[in-house]
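Here's the structure, in structure tokens; my notes come after.
The values are calculated or read from the model by the stated rules, or taken from the named source; none is laboratory data. Given the structure is predicted, the values throughout are model-derived calculations rather than measurements. Cβ sites come from the backbone with ideal geometry, for glycine too, and all protein chains shown count toward neighbours. Remember, those area values only see protein heavy atoms, side chains included, never the ligands or the DNA or RNA. Shrake-Rupley method; radii C 1.70, N 1.55, O 1.52, S 1.80 Å.
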2 protein chains.
Amino acid sequence: MVEKLYVTYNDVHRLCQESAPRMLESFKPQLMIAIGGGGYVPARILRSFLKQQGQPNIPIQAIGLSLYEELPIAHEANATTGAVDQIGTKVTRTQWLDFTSLGGMENLVGKRILIVDEVDDTRTTLEYAVKELEKDVAAVSEKLGKGGEKTEFSIFVLHNKDKPKKGTLPADMEQNKYLAAQTVGDVWICYPWEATDIEEHDRLSAEQKQKKTSSS
Amino acid sequence: MVEKLYVTYNDVHRLCQESAPRMLESFKPQLMIAIGGGGYVPARILRSFLKQQGQPNIPIQAIGLSLYEELPIAHEANATTGAVDQIGTKVTRTQWLDFTSLGGMENLVGKRILIVDEVDDTRTTLEYAVKELEKDVAAVSEKLGKGGEKTEFSIFVLHNKDKPKKGTLPADMEQNKYLAAQTVGDVWICYPWEATDIEEHDRLSAEQKQKKTSSS
């Protein structure tokens, strides 16, 4: 049975609060791109803690990505041949950047952009987001004759699962522009916004924290 | 001094959870439009509770609106004349709908769309959102030759402040397609995602609830 990790809203709040000063020091984001639905909650909380006195809020743009992990079709055949299944994955856009507001894409060129999601599981969604955003920015940059301006992307996730990843990120990003508030094993993360009984969810989370403290 | 109302994350969660069945019965939303940043958290929570067995998640599109309540410029002059200030308001788009994904605007035409925000204060932002969305949908509907298909908008907010509104909504919407999970006085609502000390925030909220119970 896969181990479950119960994360409360206040855990999410604190993970964002603790991470914000580190990002203000390193990435210094000027714009956030929230990957919906999971990135919505951390992005909104982060906005509070990334706000600097006398400065306006850091704008958030939301994008929507759905990940379909396609199951291998010929299960039996593979059982026979013993071949390792290459599980296909497909990312679908349900919302992309809006090119009409805020000066559109021009505002992304030359900026430090923080991509926000709740979890880095297989890394497929993040790879897709980074690649597509870099491609779009490069195209607009070219069009605007701003080829020289460097647009920097960084990533924030609440949880990174320590497991082999299917997706890859640029080496420099992985090393210097990637922050996971918490690294966990290959567990089933139960986020509070999925809870049908939030009191029970909180109780299970408290119980887990209690056990962890007493066993360490 | 303006009275403050402390709202916890679990309060927000429960307000969404309680409201979802009512919306599934009445509005039957097929798409959500979250007004960011305040609408992000309720929209994500609502998605969990609006999901019906065997059906995919209801897609969320995020839009970003900033409300600038312009202060009257000639304060002294008004003090002299005694004229009542007409405080101007201006809504700025920081993100609008994406016309490229999911078939773009075509997917909005003929749908039941739920607009989600955290609070209905002066109603200015909501008026803007409804008017602009209706205008855009009408234009696309016309273009697609779908003039006959009716697109229905409904509204969900966590809190409605019971006060004179500057913005107005279509009469039918106000009466039949508007749901506020909670109606409050003209108080200062402290949402959890703004809290710099979430434990203290929760403590103050519990204290308020305690007081309310013992005085009623």
Condition broken by B:D186, with the remaining ones in (1) more than 13 Å from the chain's Cα centre (by Cα); (2) not in a loop (DSSP other than H, G, I, E, B) satisfied = (2)
All conditions in (1) assigned to a strand (DSSP E or B); (2) under 15 Å from the mean Cα position of the chain (by Cα) are true of A:C16 except (1)
Going through the range A:187-216 one residue at a time, which ones are of a type in the set (S, T, N, Q), modelled with pLDDT of 95 or more and open to solvent by less than 100 Å² (accessible area, probe 1.4 Å)?
-> A:S205, A:Q208
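Hey, can you tell me all the residues within the range A:150-176 that are open to solvent by less than 40 Å² (accessible area, probe 1.4 Å) and either farther than 24 Å from A:R14 by Cα or outside any strand (DSSP E or B) (or both)?
Once the filter is applied, which keeps residues that are open to solvent by less than 40 Å² (accessible area, probe 1.4 Å) and either farther than 24 Å from A:R14 by Cα or outside any strand (DSSP E or B) (or both), the range A:150-176 yields A:T151, A:G167, A:L169, A:M173.
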Kindly provide the set of residues from the range A:190-216 that are assigned to a helix (DSSP H, G or I) and among the aromatic types (F, W, Y), ordered by number.
-> A:W193
Report yes if some residue within the range A:120-139 is among the β-branched types (V, I, T) and under 30 Å from B:A20 (Cα atoms); otherwise report no.
-> yes
A:Y40 is checked against (1) within 12 Å of the chain's Cα centre (by Cα); (2) surrounded by fewer than 20 Cβ atoms within 10 Å (Cβ to Cβ) and fails just one. What number does that condition carry?
-> (2)
Quick one: which of A:R47, A:R22 is crowded, with 20+ Cβ neighbours inside 10 Å and under 25 Å from A:K111 (Cβ atoms)?
-> A:R47
Taking the range A:104-149 as the search range and keeping residues that are open to solvent by less than 60 Å² (accessible area, probe 1.4 Å) and acidic (D, E), which one is nearest to A:Y191 (Cα to Cα)?
-> A:E118
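Among the residues of the range A:148-180, how many are away from chain B (no Cβ under 14 Å) and closer than 24 Å to B:G39 by Cα?
The qualifying residues number 4.
Please tell me if B:N10 is at the interface with chain A (Cβ under 8 Å from one of its Cβ atoms), under 28 Å from A:A43 (Cβ atoms) and modelled with pLDDT of 95 or more.
Answer is yes for this residue.
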Filtering the range B:139-149 for residues that are touching a residue at least 12 places away in the same chain (Cβ under 8 Å) and either assigned to a helix (DSSP H, G or I) or small (G, A, S) (or both) leaves a count of 2
Being more than 16 Å from B:E118 (Cα to Cα), touching a helix residue (DSSP H, G or I) at 6+ places or on another chain (Cβ under 7 Å) and more than 8 Å from chain A (Cβ to nearest Cβ) narrows B:L65, B:L24 down to just B:L24
